[in-house]
Amino acid sequence: MNILIILNFATAVIAFAILAWKRHYIMAFVALCCAIWYGYGLCNVGLNIDGQLCQTLRAGERYGKEAAYPALMGGWTALILTNVCLALYPWLKRWAVVSWVLMVPAVGLVVGLVSPLSEIEGLFAVCCAIMAELAAITGLTYFEYCTYEQIYFHSLLPTVFAIPAFLVSVRGLIKAQGRQYLPLLLTGGWLVLNAIMTIVVWNHYIHLPLLDAGRKCVGELKDLAGGTWANYVKVNLLIFVVFFLVDLFISWLLYRYAKNHCKAMEVK
């Protein structure tokens with residue numbers, strides 16, 4: 001029995017309770033969705049799924065047991081740390097986000113040290129393990145979940161996270177009675193840029209059946225990597241982790257800028 005599965009569900013429930021209590025309703029909704037998702041997974045797949053997930057990583061990413069099992073433990077740990085950072089957000093604010101950004105790669109580093117993988121491969125293995133775990137919870141195959149997440153969901157999130165800054169800048173413009181356009185131009189431009197990126201990615205794959213879209217995506221990533229496993233790992237981490245986090249960081253900076261501008265208008 002894997003106690004980390006229970007801890008993952010429990011920390012999601014605790015995060016929801018704390019965020020709702022502190023009136024962070026959007027984040028509380030996210031935590032609630034995670035808690036329901038993980039609870040469904042507990043009922044659907046049970047506690048003894050590590051063997052099945054090891055087989056999934058062996059088939060999907062060709063990891064042996066000596067690499068697959070530490071990756072799975074790292075994946076559950078990363079999900080738990082995400083819930084913990086959500087729960088601590090009302091007190092730590094931005095430092096909760098910084099802690100999460102630092103701790104999850106640290107988990108990958110540890111996995112790389114205790115397995116036959118390198119440190120970079122350890123981080124990639126943890127990401128693959130998270131995908132396998134969420135796929136099992138959802139009831140999808142590993143390849144199906146990776147296709148949905150990498151092509152459609154992952155490319156949509158930057159657009160979604162650019163919306164709050166734009167809405168706050170609209171509020172600031174209203175309070176300034178149309179005299180301050182810079183925040184609206186910056187946040188609106190960033191939202192449009194992310195929306196164009198989402199549309200381009202979706203348009204590239206959406207006309208294909210799901211499995212064909214997934215195969216095309218993997219093939220294009222391998223082409224970018226030049227056919228070597230080490231470069232394939234780096235390309236995946238660069239596109240789906242580094243670029244993604246940089247994009248979200250810019251959205252957060254614009255949100256803080258728009259919010260501070262809105263507060264200044266309230267003072268005036």
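Computed 3J(HN,Hα) for region 70-82, one whole-Hz value per residue from the Karplus formula 6.51 cos²θ - 1.76 cosθ + 1.60 where θ = phi - 60°, is x, 5, 5, 5, x, x, 4, 5, 5, 5, 5, 4, 4, glycine and proline marked x. Here, P(r) means the percent of Cα pairs in each 5 Å bin from 0 to the largest distance; for region 1-123 it is 2, 12, 18, 19, 18, 15, 10, 4, 1, 0. Across the chain, the mean sequence separation of Cα contacts (distance under 8 Å, 6 or more residues apart), normalised by length, yields a relative contact order of 17 percent. Per-residue ellipticity at 222 nm computed for the chain from its helices equals -28500 deg cm²/dmol, with DSSP H segments shorter than 4 residues left out and the rest contributing -39,500 (n - 2.57). Per the Cα gyration tensor, the chain maps to an equivalent ellipsoid with semi-axes of 34, 24, 17 Å, ordered largest to smallest.
From the largest down, region 130-214 spans 53, 27, 13 angstrom on the principal axes of its Cα atoms. Just to be sure I understand the model, the point goes 7 Å from the Cα along the line to the Cβ. What's the resulting Arg23 to Ile6 distance in nm? For Arg23 paired with Ile6, the spin-label model returns 3.7 nm. Ranked by solvent-accessible area (1.4 Å probe, protein heavy atoms only, all chains present), the residues Phe240, Phe153, Phe16 order from largest to smallest as Phe153, Phe16, Phe240.
The mean of 1/r over all distinct Cα pairs in region 136-268, once inverted, gives the Kirkwood hydrodynamic radius of 16.8 Å.
Near Asn236, once Lys and Arg are set to +1 and Asp and Glu to -1 for all other residues with Cβ below 14 Å from its Cβ, the sum equals -3. Where in region 89-118 does the amide nitrogen come within less than 13 Å of the point 7 Å from the Cα of Leu245, taken along Cα to Cβ? Label zone hits: 97-109.
For region 46-93, trypsin sites (Lys or Arg not before Pro) meeting the loop criterion (DSSP other than H, G, I, E, B) and having at most 11 other Cβ atoms within 10 Å: Arg62, Lys93.
The value for region 74-131 of Rg(Cα) / (2.2 N^0.38 Å) is 1.16. Over the Cα atoms of region 36-103, each weighted equally, I'd like the Debye log10 I(q)/I(0) at q = 0.20, 0.27 Å⁻¹, rounded to two decimals. Summing over Cα pairs of region 36-103 leads to -0.88, -1.07. Solvent-accessible area of the chain (1.4 angstrom probe, protein heavy atoms only): carbon and sulfur portion equals 71 percent.
Pairs of lysine residues in the chain that meet both criteria, 8 or more places apart or on different chains and Cα atoms under 27 Å apart, total 16. Placing R0 at 41 angstrom, the Cβ-Cβ distance between Ile206 and Trp91 gives a FRET efficiency of 0.45 after rounding to 0.05.
The values are calculated or read from the model by the stated rules, or taken from the named source; none is laboratory data. Predicted model, so just to flag it, every value in this text is computed and none were measured. So basically every Cβ, Gly included, is an ideal-geometry build from the backbone, and we count neighbours across all protein chains shown. Heavy atoms of the whole protein, side chains included, go into the accessibility calculation; ligands, DNA and RNA do not. Shrake-Rupley method; radii C 1.70, N 1.55, O 1.52, S 1.80 Å.
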